[in-house]
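Peer 1: My structure is below; once you've seen it, I'll send some questions.
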Amino acid sequence: MSKGRVLISGGAGFIGSHTAEELLRAGYEVRLLDNLTPPVHDGNWPAWLPKEAERVLGDVRNRDDWAKALRGVDAVIHLAAHQDLLPNFSQFFHVNSVGTALLYEVIVAEKLPVRKVVVASSQFVYGEGGYRCEKDGEVFPDGRDPQRLARALWETVCPKCGGAIQPLPLVESHANPRNQYSIAKYSQELMAVSLGRNYCIPSVALRYSIVQGARQSYRNAYSGVLRVFTLQMMNGQPASIFEDGGQLRDYVNVGDVARANCLVLESDAANYEVFNVGGGHSHTVLEFAEIVREVLGANVGLDVSGEYRVGDTRHSVSGITKLERLGWLPTKRPRDSVSEYVEWIRGQTLEKDYAAEALAMLRQTGALRKAG
Ligand SMILES: NC(=O)c1ccc[n+]([C@@H]2O[C@H](COP(=O)([O-])OP(=O)(O)OC[C@H]3O[C@@H](n4cnc5c(N)ncnc54)[C@H](O)[C@@H]3O)[C@@H](O)[C@H]2O)c1
């Protein structure tokens with residue numbers, strides 16, 4: 001017997017397709033809402049989407065599309081989003097913020113019996129997050145000074161004394177979004193928790209870290225390290241390392257993210273809460289590049305060019321204690337995710353050099369700059 005029907009917005013995407021499989025395995029019926037937007041898609045539903053999942057072509061900016069997709073639905077996993085770090089600022093708010101507002105608007109207006117909404121947020125909402133200063137204790141820098149970045153001074157400094165500081169794990173009580181993507185993502189979280197509570201629609205927001213695994217679109221302009229390093233090394237090119245490669249990150253496998261989505265969907269204790277979904281271990285970007293090189297068996301160098309992404313954070317590693325208390329643990333390490341991605345990408349036909357195109361686009365729009 002079916003456990004109910006779950007609508008996944010952005011269901012044709014990377015995390016959506018894995019979440020659909022996880023839900024089907026768990027006994028749910030699944031409906032996918034997606035507008036198959038470029039550059040993520042080539043205009044077609046990806047071949048790997050489960051056949052049992054119903055498909056609705058529609059746009060989360062369109063009220064009627066939401067109304068059609070929400071008919072007969074028990075729960076929603078809202079993943080559709082505009083990503084990238086390009087300066088088309090308004091699109092982040094049209095798709096991510098207005099799309100989420102419309103979801104709640106339609107549920108309320110049509111008195112739909114939706115029992116749960118899970119909203120995808122991002123580790124990016126932390127901005128620089130918290131640091132420990134020997135002199136001033138715990139501090140929350142507002143982001144890095146553009147003038148220091150232009151001089152290749154990468155580390156964040158204490159906002160009070162200007163001295164050296166050590167990064168702390170990111171914890172859910174904090175948020176300090178600093179770019180178009182994270183401001184829009186944070187607005188989605190606030191809507192989930194506040195509108196959800198006001199209108200008795202149990203809702204949860206999940207702050208994913210860097211999610212990795214098979215089926216991650218290689219066409220986006222934003223430079224996910226796994227995608228860029230893999231494509232470059234497969235072409236015999238050195239991997240482009242931004243800053244000095246000393247940035248700390250945590251990487252979470254897409255299968256673990258799909259399990260987290262299902263867990264909070266079923267857990268009443270998760271209602272109106274925000275959770276990190278992270279990998280549980282920190283790695284420098286250089287260490288990560290080394291993993292990709294080993295998995296590919298590539299004999300290429302690393303290009304540490306002093307380029308940096310505007311608005312990027314120096315160190316971002318999520319604490320996962322809160323979600324662990326609900327019974328979730330990451331089961332895979334970055335090497336597993338890299339292996340899964342490499343196996344998948346080797347089976348794809350790449351029409352052009354997507355990594356070079358993405359980097360050129362970031363440079364052209366000023367999103368990627370060079371120090372010195
Ligand atoms: N992948 C990551 O590392 C990561 C990290 C943090 C948060 N997230 C969040 O997780 C969610 C899913 O990300 P993903 O990596 O699967 O991305 P993705 O690009 O693979 O999937 C997003 C899907 O949303 C669809 N979409 C975009 N605009 C739409 C619109 N207006 N109407 C309907 N559908 C639309 C796209 O066609 C795509 O299929 C997003 O909300 C993203 O912000 C992802």
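Peer 1: Yes or no: Val211 within 10 Å of the ligand (Cβ to nearest atom), in a strand (DSSP E or B) and touching a helix residue (DSSP H, G or I) at 6+ places or on another chain (Cβ under 6 Å)?
Peer 2: Yes; evaluated as a whole, the condition is true for this residue.
Peer 1: Select from the stretch 95-120 the residues that are under 18 Å from the mean Cα position of the chain (by Cα) and surrounded by fewer than 22 Cβ atoms within 10 Å (Cβ to Cβ) and write down the one among them that is nearest to Gly196 (Cα to Cα).
Peer 2: Filtering the stretch 95-120 for residues that are under 18 Å from the mean Cα position of the chain (by Cα) and surrounded by fewer than 22 Cβ atoms within 10 Å (Cβ to Cβ), the one nearest to Gly196 (Cα to Cα) comes out as Ser97.
Peer 1: In addition: With Pro46, Pro50, Pro113 as the choices, which residue is in the same structural domain as Pro177 (by TED's automatic domain parsing), under 26 Å from Asn220 (Cα atoms) and more than 12 Å from the ligand (Cβ to nearest atom)?
Peer 2: None of the others qualify; the one that does is Pro50.
Peer 1: May I pose another question? So which strands (runs of 3 or more DSSP E) stay within the stretch 266-330 end to end and still have 1 or more residues that are among the aliphatic types (A, V, I, L, M)? If you could, list the steps in order and put the result at the bottom.
Peer 2: Working: elements: 273-277, 302-304, 307-309.
Correct list: 273-277, 302-304.
Peer 1: Look at Gln232 and say whether it is in the same structural domain as His41 (by TED's automatic domain parsing) and in contact with a helix residue (DSSP H, G or I) (Cβ under 6 Å, 6 or more places away or on another chain).
Peer 2: When the stated conditions are applied, Gln232 passes them.
Peer 1: Is one or more of the residues making up the stretch 81-90 closer than 25 Å to Leu359 by Cα, more than 9 Å from the ligand (Cβ to nearest atom), assigned by TED's automatic domain parsing to the domain that holds Gly10 and assigned to a helix (DSSP H, G or I)?
Peer 2: Yes, that holds for at least one residue.
Peer 1: Please pick out the residue among Val60, Val125 that is in a loop (DSSP other than H, G, I, E, B), among the hydrophobic types (A, V, I, L, M, F, W, C) and within 21 Å of the chain's Cα centre (by Cα). Steps first, please.
Peer 2: Details: Val125 fails: in a loop (DSSP other than H, G, I, E, B).
Val60 is the lone residue from the list that is in a loop (DSSP other than H, G, I, E, B), among the hydrophobic types (A, V, I, L, M, F, W, C) and within 21 Å of the chain's Cα centre (by Cα).
Peer 1: Continuing with this model, one more query. Mind telling me which of the residues Val264, Val274, Val295, Val254 ends up being under 14 Å from the mean Cα position of the chain (by Cα), surrounded by 20 or more Cβ atoms within 10 Å (Cβ to Cβ), of a type in the set (Val, Ile, Thr) and modelled with pLDDT of 95 or more?
Peer 2: Exactly one residue qualifies, and that residue is Val254.
Peer 1: Identify the residue in the stretch 1-43 that is assigned to a helix (DSSP H, G or I) and near the ligand (Cβ under 10 Å from one of its atoms) and, among all such residues, is surrounded by the most Cβ atoms within 10 Å (Cβ to Cβ).
Peer 2: Per the stated criteria, the residue is Thr19.
Peer 1: Condition (residue is assigned to a strand (DSSP E or B), surrounded by fewer than 16 Cβ atoms within 10 Å (Cβ to Cβ) and touching an Asp or Glu at 6+ places or on another chain (Cβ under 8 Å)) applied to the stretch 133-148: is it met by at least one residue?
Peer 2: no
Peer 1: Scan the stretch 190-207 residue by residue and report those that are away from the ligand (no atom under 15 Å from the Cβ) and more than 17 Å from Gly99 (Cα to Cα).
Peer 2: The answer is Arg197, Asn198, Tyr199, Cys200, Pro202.
The values are calculated or read from the model by the stated rules, or taken from the named source; none is laboratory data. What you see is a predicted model, and the numbers here were worked out from it, not measured in a lab. Backbone-built Cβ (ideal geometry, glycine too); neighbour counts: all protein chains shown.
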